[in-house]
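K.L.:
I'd like to ask you about the structure that follows.
Here, each number is a calculation from the coordinates, and none is a lab measurement. These figures come from a predicted structure and were not determined experimentally.
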Amino acid sequence: MDNAYQLLLTDIKTAIRDERHKAIRQLNRSLIGVYWEIGRLIVERQTQHGWGKGIVEQLSKDLRQDFPSDTGYSARNLWFMRQFFETYHPFPNLKQLVSEIPWGQHILIM
């Protein structure tokens with residue numbers, strides 16, 4: 001193949017990779033947003049209703065039953081979501097930055 005074709009192929013591959021990276025970043029932001037909301041809801045309802053640790057275990061069981069193909073709803077991960085919200089909610093100006101960090105990194109930070 002000639003050089004022009006190789007340049008075309010390289011440009012197309014670059015465009016595909018760039019879009020994949022954008023999609024992954026957007027998915028990460030969405031997941032972090034959902035995890036923030038789950039953590040917020042757990043904190044608020046535990047406070048509001050005086051619920052203890054058992055509620056997280058029950059939530060985990062029910063979520064895994066209702067969303068069997070999804071991962072991330074173990075009791076341990078729900079506790080991380082709760083901790084995530086409690087850690088960052090006092091700093092609302094960090095919320096956008098926090099959404100750029102992958103979930104695994106947040107777990108390491110916490």
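K.L.:
Any idea what the relative contact order of the chain is, in percent, if you count C-alpha pairs under 8 Å spaced at least 6 apart?
P.N.:
Taking the mean separation of contacting Cα pairs over the length of the chain, I get 33 percent.
K.L.:
With θ taken as phi - 60° and the coefficients 6.51, -1.76 and 1.60, list the Karplus ³J(HN,Hα) couplings across the stretch 10-20 in order, rounded to whole Hz; mark glycine and proline as x.
P.N.:
Ordered by residue, 3J(HN,Hα) equals 4, 5, 5, 4, 4, 4, 5, 4, 4, 5, 5 Hz.
K.L.:
Just to be sure I understand: with springs between alpha-carbon atoms less than 10 Å apart, which residue in Gly50, Gly39, Gly72 has the highest mean-square fluctuation in the Gaussian network model of the chain?
P.N.:
Among Gly50, Gly39, Gly72, the largest GNM mean-square fluctuation belongs to Gly50.
K.L.:
Cross-link partners among lysines for Lys53, C-alpha distance below 22 Å, same-chain residues fewer than 8 apart left out?
P.N.:
Lys61
K.L.:
Under 18 Å from the Cα of Lys13, which aspartates and glutamates turn up, not counting those fewer than eight places away in the same chain?
P.N.:
Asp2
K.L.:
Find the Cα radius of gyration of the stretch 55-99, compare it with 2.2 N^0.38 Å by division, and give the number to two decimals. Before the final figure, lay out each step's value.
P.N.:
On the way: Rg = 12.8 Å, N = 45, 2.2 N^0.38 = 9.3 Å.
Ratio of Cα Rg to 2.2 N^0.38 Å: 1.36.
K.L.:
Something else now. Taking the convex hull of the alpha carbon atoms in the stretch 1-66, what volume per residue do you get, in Å³?
P.N.:
So the per-residue hull volume is 97 Å³.
K.L.:
Can you work out the base-10 log of I(q)/I(0) for the chain at q = 0.18, 0.19, 0.21, 0.23 1/Å, using the Debye formula on its C-alpha atoms alone?
P.N.:
One equal scatterer on each Cα of the chain leads to -0.92, -1.00, -1.14, -1.27.
K.L.:
On to the next question. Quick one: what are the phi-derived ³J(HN,Hα) couplings along the stretch 67-79, Karplus 6.51/-1.76/1.60 with θ = phi - 60°, whole Hz, x for glycine and proline?
P.N.:
The phi angles translate into 10, x, 8, 8, 10, x, 10, 5, 4, 4, 5, 5, 5 Hz.
K.L.:
If each DSSP helix of 4+ residues adds -39,500 (n - 2.57) and the sum is divided by the residues in the chain, what number results at 222 nm, nearest 500 deg cm²/dmol?
P.N.:
Values: 5 runs with 85 residues, N = 110.
That comes out to -26000 deg cm²/dmol.
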